[in-house]
């Protein structure tokens, strides 16, 4: 399934003088016949992954649809495939859908399976704290069955780790027009055509008929997969060092350079000690317990409370997936990082959730004064516990919703932190919460204002328009609900008139917004989500 012709097709003309590494002897011979003089069969990288024991859940099914690339566009039958999985769902003890990070960020597959209530995990490459192939191996070893509806390396990989693999459901193939923005498309159009012809459903079924079957009837094909990945060509470490030209000197130089790059990437410049400790905790895995804990959280049931020690002291959360995503946004990417001349900035956090943003602010500036609003009683209880466990001082926790008036309002709770005020209409399953008028706190200088209030951000900012001059920096999490008018223009106007410049980032873009606009399928379906930063200067 791994075609050596793709090596030739990458270059125009091929660079036959360079050294190449392939999986099998057959591939080596193929390239040698085409003029490549220095080719070595060493197996694919997957054969070098350690064989750590992982418990495989009997009767479990991992669904792995094919994935997009950053420059490809697709028109896959997502509903048809999800319906096909629905038809066999009851045959398995557990069904999990693994979505590649590229598809996750571009909106392929995830919404279709979310609407049907499937457990979803983000695929390979989304776990920066662990080598990608090791993470993939751990996942594959934990499922008995794996099914897909497209061509890809996940097929032999899953079989290699003992899964019973099947190709099932409407075929999600690749078309030539999908690659129109590919970097090599213009010069290698004919090569793309040849490659795509080899990956049609008919061609795959002809070459690998034992894979095309219903998931529950899949069989183990580990011996076949060992041939595909080149296990028998696996080399000893000393042999690999010789082939790669690794000497002690250049390995030492590489290690020093990589350590310096990692230090700059992880610690950044002049972070306070508290931030360094927390960021180091996320980027460096001191032992295998850390890896096991993250893997446990990735498999944690949705919307279920739990406890983790990923950041040091125990943190209680309401939803594991939301916790991991937020932790990486804050402590890996450092979404809210800012620099001020004082060591005790004033911060207002509207929509603090379980407190990760508060932890980050206090790690960045241990002497910061933080006012944190969270109206959801369940999340507020976790916020109190987490702040207490980290022994944070000068944090004012308020079980209120930041709003345009002080009083009470109806509120809909959500375990993933997507709860919102329902001030315009009567909705079921709401409760009464206290509200506080945010503008009343803007009578003094505020170094950082965070507003993530699930649909109320435009109203809150509009109410603060004439006092926004007291705010030096602001972050707004904007989500446009499908059933309400968009208010982005109002938000940008208020920020501009308040003397702030803005920077926008699309959080989860639709791959084809003129055709499909719904990007979020939670309690409040949305057609646009943006991160908006406002700053002076």
Counted residues, segment 58-88 - those being surrounded by fewer than 16 Cβ atoms within 10 Å (Cβ to Cβ) and touching a strand residue (DSSP E or B) at 6+ places or on another chain (Cβ under 9 Å): 2
Residue within segment 122-134 that is buried (at least 18 other Cβ atoms within 10 Å of the Cβ) and touching a strand residue (DSSP E or B) at 6+ places or on another chain (Cβ under 7 Å) present: yes
Residue 536 being surrounded by fewer than 16 Cβ atoms within 10 Å (Cβ to Cβ) and either under 23 Å from residue 374 (Cβ atoms) or out of contact with any strand residue (DSSP E or B) (no Cβ under 9 Å at 6 or more places or on another chain) (or both): no
Residue 418 being outside any loop (DSSP other than H, G, I, E, B) and modelled with pLDDT under 95: no
Residue count, segment 314-335 (criterion: surrounded by fewer than 21 Cβ atoms within 10 Å (Cβ to Cβ), out of contact with any strand residue (DSSP E or B) (no Cβ under 6 Å at 6 or more places or on another chain) and under 18 Å from residue 372 (Cβ atoms)): 4
The one condition in (1) touching a residue at least 24 places away in the same chain (Cβ under 8 Å); (2) farther than 23 Å from residue 534 by Cα; (3) surrounded by fewer than 17 Cβ atoms within 10 Å (Cβ to Cβ) that residue 429 fails to fulfil: (1)
From the options 449, 492, 482, residue that is crowded, with 23+ Cβ neighbours inside 10 Å and in contact with a strand residue (DSSP E or B) (Cβ under 7 Å, 6 or more places away or on another chain): 449
Out of 52, 84, sole residue that is closer than 30 Å to residue 302 by Cα and assigned to a helix (DSSP H, G or I): 84
Exclusive hit being at pLDDT below 90 and not assigned by TED's automatic domain parsing to the domain that holds residue 529, set 109, 104: 104
Per-region count, segment 228-243, residues out of contact with any strand residue (DSSP E or B) (no Cβ under 8 Å at 6 or more places or on another chain) and surrounded by 15 or more Cβ atoms within 10 Å (Cβ to Cβ): 6
Which listed residue is within 22 Å of residue 58 (Cβ to Cβ), modelled with pLDDT under 95, touching a helix residue (DSSP H, G or I) at 6+ places or on another chain (Cβ under 8 Å) and in the same structural domain as residue 219 (by TED's automatic domain parsing), from 159, 182, 137: 137
Residue within segment 199-207 that is touching a strand residue (DSSP E or B) at 6+ places or on another chain (Cβ under 6 Å), closer than 29 Å to residue 89 by Cβ and at pLDDT 85 or above present: yes
Residue pairs meeting the criteria (Cβ under 6 Å; at least 6 apart or on separate chains; first assigned by TED's automatic domain parsing to the domain that holds residue 166, in segment 191-211; second part of a helix (DSSP H, G or I) and surrounded by 14 or more Cβ atoms within 10 Å (Cβ to Cβ)): 191/9; 192/179
Residue in segment 168-177 that is part of a helix (DSSP H, G or I), under 19 Å from residue 196 (Cα atoms) and out of contact with any strand residue (DSSP E or B) (no Cβ under 8 Å at 6 or more places or on another chain) present: yes
Of all residues making up segment 25-39, the number that are surrounded by 16 or more Cβ atoms within 10 Å (Cβ to Cβ) and either out of contact with any helix residue (DSSP H, G or I) (no Cβ under 6 Å at 6 or more places or on another chain) or assigned by TED's automatic domain parsing to the domain that holds residue 153 (or both): 5
Number of the condition not met by residue 499 [criteria: (1) in a loop (DSSP other than H, G, I, E, B); (2) within 30 Å of the chain's Cα centre (by Cα)]: (2)
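The values are calculated or read from the model by the stated rules, or taken from the named source; none is laboratory data. Every value quoted in this text rests on a predicted model; they were computed, and no experiment measured them. Cβ: placed from backbone, ideal geometry, glycine included. Neighbour counts: every protein chain shown.
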